[in-house]
Amino acid sequence: MRKFILLFVAAISLSSCSGSDDSLLTVDLSVDSLSGTWKMTHAYVSPGGETSWQTVENGTEYTFSPNGNFSATQDQCPIGTYNLDLNESTLSFTCSNDTESMRFFRVVSITESEMEISYIGCIEACIYRYRKQ
């Protein structure tokens, strides 16, 4: 009986392992590690039905400075400050243009070279993938 239980546990353990994992892993980055230019490469946006990842040509680029400032291309919020809080899994922007508005994103996943963020307040799927340049 003991051998059967050990064999059963071993079989379950081995069957739950996967040979490949293409998902992004969340890593502990400091704000300094976000420094640099990040370009949007893919978008997963649903207008209310099924969707899939779409390649984004000439995507928005964010340049993050170690001092907490950012600049962006092709955005209504071209300059401002940012805060990456991995304890809360959020990335927030405060715009320095006339609007002084704020934007909040949920950090879906982040590595040293890629991040996925989702706009907080989006009803349907809206995830954006950025690659560090």
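Quick notes on this one:
- Taking segment 86-133 as the range and being within 18 Å of N69 (Cα to Cα), polar (S, T, N, Q) and surrounded by 15 or more Cβ atoms within 10 Å (Cβ to Cβ) as the test, the residues that pass are T90, S92, T94, S96.
- Qualifying strands (runs of 3 or more DSSP E) (wholly inside segment 36-133; at least 2 residues being among the polar types (S, T, N, Q)): 36-45, 69-72, 79-85, 90-95
- Check on N83, of a type in the set (S, T, N, Q) and under 18 Å from the mean Cα position of the chain (by Cα): yes
- Failed item in (1) open to solvent by 40 Å² or more (accessible area, probe 1.4 Å); (2) within 14 Å of the chain's Cα centre (by Cα); (3) modelled with pLDDT of 95 or more; (4) not β-branched (V, I, T), with Q54 passing the rest: (2)
- Residue check: L25 meets all listed conditions (1) of a type outside the set (K, R); (2) surrounded by 10 or more Cβ atoms within 10 Å (Cβ to Cβ); (3) modelled with pLDDT under 85; (4) within 16 Å of E116 (Cα to Cα) but one, namely (2).
- Filter result (open to solvent by 40 Å² or more (accessible area, probe 1.4 Å) and either in contact with a helix residue (DSSP H, G or I) (Cβ under 8 Å, 6 or more places away or on another chain) or touching a residue at least 24 places away in the same chain (Cβ under 8 Å) (or both)) within segment 68-85: N83
- Any hit, segment 6-13, residues being part of a loop (DSSP other than H, G, I, E, B), open to solvent by less than 50 Å² (accessible area, probe 1.4 Å), aliphatic (A, V, I, L, M) and modelled with pLDDT under 95: no
The values are calculated or read from the model by the stated rules, or taken from the named source; none is laboratory data. Not measured: the values here are computed from a predicted model. All Cβ positions, glycine included, derive from the backbone under ideal geometry; neighbour counts span all protein chains shown. The accessibility values were calculated without ligands, DNA or RNA, using every heavy atom of the protein model including side chains. Shrake-Rupley method; radii C 1.70, N 1.55, O 1.52, S 1.80 Å.
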